[in-house]
1. Net charge near MET31, counting Lys/Arg +1 and Asp/Glu -1 over other residues with Cβ under 13 Å of its Cβ?
2. Please return the longest stretch of the chain lacking exposed loop sites, where chymotrypsin sites (Phe, Trp or Tyr not before Pro) count only if DSSP places them in a loop and at most 13 other Cβ atoms lie within 10 Å.
3. Using the Cα centre as the reference, give the magnitude of the dipole from point charges on the C-beta atoms of the chain (Lys, Arg: +1; Asp, Glu: -1; all else neutral), rounded to the nearest 20 debye.
4. Any idea how far the Cα center of the stretch 30-47 sits from the one of the stretch 60-83, in Å?
5. Please work out how much length the chain gains when fully extended from ASN43 to SER83, using 0.36 nm per residue of separation minus the C-alpha to C-alpha distance, in nm with one decimal.
6. Given a 1.4 Å probe, how much area per residue of the chain is accessible, in Å²?
7. If you build a Gaussian network model of the chain, linking Cα atoms that sit under 10 Å apart, which residue out of GLU63, GLU30, GLU41 swings the most?
8. Show LEU47, LEU14, LEU86 ordered by accessible area, largest first, where the area counts protein heavy atoms only and the probe is 1.4 Å.
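The values are calculated or read from the model by the stated rules, or taken from the named source; none is laboratory data. All values reported here derive from a predicted model rather than from experimental measurement. Because the Cβ atoms are built from the backbone with ideal geometry, glycine has one as well, and the counts that use them run over all protein chains shown. Protein only, heavy atoms only, side chains kept; ligands, DNA and RNA dropped before computing areas. Shrake-Rupley method; radii C 1.70, N 1.55, O 1.52, S 1.80 Å.
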Amino acid sequence: ATREYDKEFVDGYLRIVWANANQDEETLMEMSRKMGFLTGEENDIMLHAHKMSGFTVGEPFWEHAPFDFQGSQISTRMGEHSSVFLKYRLTPPPE
């Protein structure tokens with residue numbers, strides 16, 4: 001199944017992806033609030049988990065070289081943030 005998103009959402013999401021790939025915390029947090037992934041009322045634990053999960057997802061784009069997905073253990077490291085998201089997330093991701 002696929003889903004259509006408007007240009008504004010896609011543009012904002014791509015800015016988040018770019019921020020993650022470049023470890024740009026300021027843009028990541030600004031766009032995450034603007035797009036509704038964060039409310040602006042999150043505690044430091046949630047903000048840290050959001051940042052680290054984003055930067056983890058951005059790792060394959062850090063270098064112009066093949067990325068070792070298995071060796072990087074991205075899935076395992078992303079899972080480490082799940083309990084924080086379940087406990088501290090104040091809003092569901094935007095639809």
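1. -2
2. 6-61
3. Numbers: 9 positive and 16 negative charges, 52 e Å.
With Lys and Arg at +1 and Asp and Glu at -1, about 240 debye.
4. Between the Cα centre of the stretch 30-47 and that of the stretch 60-83, the gap is 22 Å.
5. Full extension of this stretch gives 13.0 nm more.
6. On the way: 6870 Å² over 95 residues.
Accessible area per residue: 72 Å².
7. Looking only at GLU63, GLU30, GLU41, the largest GNM fluctuation is found for GLU63.
8. The ordering from most to least exposed comes out as LEU86, LEU14, LEU47.
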